[in-house]
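Peer 1: Attaching a single structure in structure tokens format; questions to follow.
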């Protein structure tokens, strides 16, 4: 149990376009979901924390107008990279905190975004 | 603020060798400590955890003991296998840091096990 899916797994887009990434908890309810970027030297950077039905909390230095997060239900959160640029190319990972859980996060497989 | 320091990789071992990946932390409160693993081409998954001092987390032959006196949570395995090749991340969650669900991550340590 506790499976998290992400879609798409890979996306290539032109500079200036917007890209939406979906994160779903398949067999549990997630009160909180997290969005990360993973950089080439492996470090994970937390971008934002989203709680169902409320505005996301962004980490310092992350532009909320650039990275729009919507946590519309207990099983779905979306990250939209608006007006993407090549420097937004990265590996984006979501995780979900199961309601009633003990600080354990379940991770999606990630989305590789390439902006040309 | 809270932080996690992990030994740098990559680590290369022969099969059946002993593994230690060091992890130390700083935290303002009483954190829970985690090791996550990322196998090639897969998502991160929890390997083991410990929620209070002197707890030992264990899974798949891996162990880590929460040492408050040395603020450490070193990952060990007595005999590694080729299938253990992955990237290992140490992380903490500090219940008293204002957000009890936020994880603070180490940089990750890549392990390659040769047959």
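Peer 1: Inspect the stretch B:58-65 for any residue being closer than 28 Å to residue A:109 by Cα, within 12 Å of another protein chain (Cβ to nearest Cβ), without any contact (Cβ under 8 Å) to a residue 60 or more places away in the chain and buried (at least 20 other Cβ atoms within 10 Å of the Cβ) and give the result as yes or no.
Peer 2: no
Peer 1: Something else: Answer yes or no: is there a residue in the stretch A:81-92 that is more than 20 Å from residue B:91 (Cβ to Cβ), touching a strand residue (DSSP E or B) at 6+ places or on another chain (Cβ under 7 Å) and part of a strand (DSSP E or B). Full working, then the answer.
Peer 2: To start, the set of residues in the stretch A:81-92 that are more than 20 Å from residue B:91 (Cβ to Cβ) comprises A:81-89.
Add one more test, that the residue is touching a strand residue (DSSP E or B) at 6+ places or on another chain (Cβ under 7 Å), and what stays is A:81-82, A:84-86, A:88-89.
In the following step, the residues that additionally are part of a strand (DSSP E or B) were identified as A:81.
Yes, there is a match, as at least one residue in the stretch A:81-92 is more than 20 Å from residue B:91 (Cβ to Cβ), touching a strand residue (DSSP E or B) at 6+ places or on another chain (Cβ under 7 Å) and part of a strand (DSSP E or B).
Quick grid of which residues meet (1) more than 13 Å from the chain's Cα centre (by Cα); (2) within 14 Å of chain A (Cβ to nearest Cβ); (3) modelled with pLDDT of 90 or more:
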{"residue": "B:35", "(1), (2), (3)": "no, yes, yes"}
{"residue": "B:40", "(1), (2), (3)": "yes, yes, no"}
{"residue": "B:53", "(1), (2), (3)": "yes, no, yes"}
{"residue": "B:70", "(1), (2), (3)": "yes, no, yes"}
{"residue": "B:99", "(1), (2), (3)": "yes, yes, no"}
{"residue": "B:102", "(1), (2), (3)": "yes, yes, no"}
{"residue": "B:109", "(1), (2), (3)": "no, yes, yes"}
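Peer 1: Further, regarding this structure: Which one is modelled with the lowest pLDDT among residues in the stretch A:60-76 that are within 14 Å of another protein chain (Cβ to nearest Cβ) and surrounded by 15 or more Cβ atoms within 10 Å (Cβ to Cβ)?
Peer 2: Per the stated criteria, the residue is A:71.
Peer 1: In addition: So if I check each of B:56, B:68, which one is over 28 Å from residue A:35 (Cα atoms) and in contact with a strand residue (DSSP E or B) (Cβ under 8 Å, 6 or more places away or on another chain)?
Peer 2: Details: B:68 fails: in contact with a strand residue (DSSP E or B) (Cβ under 8 Å, 6 or more places away or on another chain).
Every option except B:56 fails the conditions.
Peer 1: So residue A:25 ticks every box in (1) in contact (Cβ under 8 Å) with a residue 40 or more places away in the chain; (2) within 14 Å of chain B (Cβ to nearest Cβ); (3) closer than 29 Å to residue B:8 by Cβ; (4) surrounded by 18 or more Cβ atoms within 10 Å (Cβ to Cβ) but one. Which box is left unticked?
Peer 2: The one condition residue A:25 does not meet is (3).
The values are calculated or read from the model by the stated rules, or taken from the named source; none is laboratory data. From a predicted model like this one, the values you see are computed outputs, not experimental measurements. Every residue, glycine among them, receives a Cβ derived from its backbone with ideal geometry; neighbour counts consider all protein chains shown.
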